[in-house]
């Protein structure tokens with residue numbers, strides 16, 4: 001599991017055409033996400049899930065996303081609890097975050113879990 005700064009990643013083309021079973025799901029304009037929606041999106045079968053319009057993520061949503069095995073982009077997050085960071089640190093897939101924009105303790109948890117950039 002590798003967490004890296006999203007500024008280091010390349011933008012991927014969205015292939016979403018009416019279902020969440022495509023290779024890529026991107027939603028940069030989504031600014032809020034219910035826990036139920038996070039649970040549903042965590043089951044996305046594609047290789048890349050991008051929700052970089054979100055600035056915060058609940059503990060329950062983070063727990064749901066901890067089960068997503070593809071790449072996960074949450075590069076817009078600026079608020080993340082330590083409990084949410086601990087959940088995300090258990091993910092098997094790669095993740096893109098701006099670790100420097102997160103609270104220090106949450107960023108430390110994610111860095112300690114993998115090879116996150118400083």
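The values are calculated or read from the model by the stated rules, or taken from the named source; none is laboratory data. Because the structure is a prediction, the values reported are computed rather than measured. Glycine gets a Cβ as well: all are built from the backbone with ideal geometry, and neighbour counts include every protein chain shown.
In region 92-106 there is no residue that is in a helix (DSSP H, G or I), within 12 Å of the chain's Cα centre (by Cα), crowded, with 17+ Cβ neighbours inside 10 Å and free of Cβ contacts under 8 Å to residues at least 60 places away in the same chain. Annotation: of all residues in region 48-67 being in a loop (DSSP other than H, G, I, E, B) and out of contact with any helix residue (DSSP H, G or I) (no Cβ under 8 Å at 6 or more places or on another chain), the one that is farthest from residue 85 (Cα to Cα) is 53. Looking at region 45-53, is at least one residue modelled with pLDDT of 90 or more, more than 11 Å from the chain's Cα centre (by Cα) and surrounded by fewer than 20 Cβ atoms within 10 Å (Cβ to Cβ)? Within region 45-53 (the criterion being modelled with pLDDT of 90 or more, more than 11 Å from the chain's Cα centre (by Cα) and surrounded by fewer than 20 Cβ atoms within 10 Å (Cβ to Cβ)), the answer is no, since none of the residues qualifies. Flag: residue 111 does not match the condition of being touching a helix residue (DSSP H, G or I) at 6+ places or on another chain (Cβ under 9 Å), at pLDDT below 95 and in a loop (DSSP other than H, G, I, E, B).
For the residues 59, 112, 82, the requirement of being farther than 17 Å from residue 26 by Cα and either in contact with a strand residue (DSSP E or B) (Cβ under 8 Å, 6 or more places away or on another chain) or free of Cβ contacts under 8 Å to residues at least 24 places away in the same chain (or both) singles out 112. Exactly one residue out of 33, 72 is part of a strand (DSSP E or B) and modelled with pLDDT of 85 or more, and it is 72.
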